[in-house]
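**Student:** Take a look at this one; I'll ask things after.
None of the figures in this text is laboratory data; all of them are computed from the coordinates on show. Predicted model only: the values in this text are computed from it and were never measured. Here the Cβ is made from the backbone with ideal geometry for all residues, glycine too, and neighbour counts use every protein chain on show.
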Amino acid sequence: MIVAIDGPAGAGKSTVAKLLAEKLRFLYIDTGAMYRALTLKAIETGVSFSDINGLILLAQSTQLRLEKANINSETIILLDGRNVSEEIRLPEVTNSVFHLAGISQVRKLMVHWQREYGVGNDIVMEGRDIGTVVFPEAEKKVYLDASVNIRAKRRYEELKVKNMDINMDDLIVQIKDRDYKDKSRFCGPLKMAQDAFYLDSSVLCIEEVVNRIFAYVKS
Ligand code: C5P
């Protein structure tokens, strides 16, 4: 079975998808981590974000793997064999992912790799285009949403724990900007699949969100 979870940044997809996958005993696939890892490689190797052919070549010559070190551990992402799970969360990466995510040849390659995870596996896959492009035939699709203010507040709390200095107004601007870029891109834009189950997590706790999606998947 394939459970596709899409939605904007900060709606809680990763946390929810991880818990849901554990509950269902499915494999959890974070497709955002894949776009992030490619972006990290572009930054590290100095390929300019305006060099479209260079970025396509970079993607074609990259090996990405999502793995669990053991059954109870977090999924890690390996970029050409190197664990980059921490680095891909750096703001520098977050703010630059849209470049690679907007290139159709890069997306085609990503979609191909992502579909391979669905072969012979029960999966929970989260991203932006999973229910619309990667697995339009998925048995279960969820669109997880939340208001901009709530998403900014959640992000603020996360960053505060990491002692990072940022204010709410800046976060709101950043989130709106990411929404715009995700929704307006020509290929693989963020949009709700017609047959998706829509859930607004703004006023729900994580457990409630997981329970509602679990009930939907089992229905
Ligand atoms: O989910 P996450 O915030 O880690 O994703 C980072 C970025 O990767 C998104 O803002 C989007 O630009 C891109 N992405 C995408 N398609 C996906 C997953 C992520 O374009 N399926």
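**Student:** Just checking, how many residues over the stretch 18-74 are among the charged types (D, E, K, R) and either in a helix (DSSP H, G or I) or surrounded by 17 or more Cβ atoms within 10 Å (Cβ to Cβ) (or both)?
**Tutor:** Looking only at that region, the number is 7.
**Student:** Can we say Ile77 is within 11 Å of the ligand (Cβ to nearest atom), assigned to a strand (DSSP E or B) and free of Cβ contacts under 8 Å to residues at least 60 places away in the same chain?
**Tutor:** Numbers: within 11 Å of the ligand (Cβ to nearest atom): yes; assigned to a strand (DSSP E or B): yes; free of Cβ contacts under 8 Å to residues at least 60 places away in the same chain: yes.
Against the criterion (within 11 Å of the ligand (Cβ to nearest atom), assigned to a strand (DSSP E or B) and free of Cβ contacts under 8 Å to residues at least 60 places away in the same chain), Ile77 qualifies.
**Student:** Would you pick out the residues in the stretch 188-219 that are surrounded by fewer than 15 Cβ atoms within 10 Å (Cβ to Cβ), closer than 18 Å to Val124 by Cα and not aromatic (Phe, Trp, Tyr)?
**Tutor:** Scanning the stretch 188-219 gives Asp195, Ile206, Glu207, Glu208, Ala215, Lys218, Ser219.
**Student:** Out of the residues in the stretch 141-157 meeting the condition of being basic (Lys, Arg) and crowded, with 20+ Cβ neighbours inside 10 Å, tell me which one is farthest from Phe214 (Cα to Cα).
**Tutor:** Selected residue: Arg151.
**Student:** Could you list, in sequence order, the residues of the stretch 98-121 that are more than 21 Å from Leu57 (Cα to Cα) and either of a type in the set (Lys, Arg) or part of a loop (DSSP other than H, G, I, E, B) (or both)?
**Tutor:** Matches in the stretch 98-121: Gly118, Val119, Gly120, Asn121.
**Student:** Of the residues in the stretch 22-61, how many are more than 15 Å from the ligand (Cβ to nearest atom) and either touching a residue at least 12 places away in the same chain (Cβ under 8 Å) or farther than 19 Å from Ala215 by Cβ (or both)? Working first, answer last.
**Tutor:** To start, the set of residues in the stretch 22-61 that are more than 15 Å from the ligand (Cβ to nearest atom) comprises 22-27, 44-48, 50-54, 56-58, 60-61.
Checking which are either touching a residue at least 12 places away in the same chain (Cβ under 8 Å) or farther than 19 Å from Ala215 by Cβ (or both) leaves us with 23-27, 44-48, 50-54, 56-58, 60-61.
Qualifying residue count, the stretch 22-61: 20.
**Student:** If a residue must be in a helix (DSSP H, G or I) and either basic (Lys, Arg) or surrounded by 18 or more Cβ atoms within 10 Å (Cβ to Cβ) (or both), how many such residues does the stretch 80-97 contain?
**Tutor:** 4
**Student:** Let me ask something additional. Does any residue in the stretch 122-133 that is outside any loop (DSSP other than H, G, I, E, B) come within less than 8 Å, Cβ to Cβ, of a residue that is more than 6 Å from the ligand (Cβ to nearest atom) and of a type in the set (S, T, N, Q) six or more places away or on a different chain, and which pairs are these?
**Tutor:** From residues that are outside any loop (DSSP other than H, G, I, E, B), the pairs are Met125/Gln114; Glu126/Ser14; Gly127/Gln114; Ile130/Gln114.
Okay, residues lined up against (1) within 30 Å of His112 (Cβ to Cβ); (2) part of a helix (DSSP H, G or I); (3) within 14 Å of the ligand (Cβ to nearest atom):
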{"residue": "Ile150", "(1), (2), (3)": "no, yes, no"}
{"residue": "Tyr156", "(1), (2), (3)": "no, yes, no"}
{"residue": "Lys160", "(1), (2), (3)": "no, yes, no"}
{"residue": "Lys191", "(1), (2), (3)": "yes, no, yes"}
{"residue": "Gln194", "(1), (2), (3)": "yes, no, no"}
{"residue": "Glu207", "(1), (2), (3)": "no, yes, no"}
{"residue": "Phe214", "(1), (2), (3)": "yes, yes, no"}
{"residue": "Val217", "(1), (2), (3)": "yes, yes, no"}
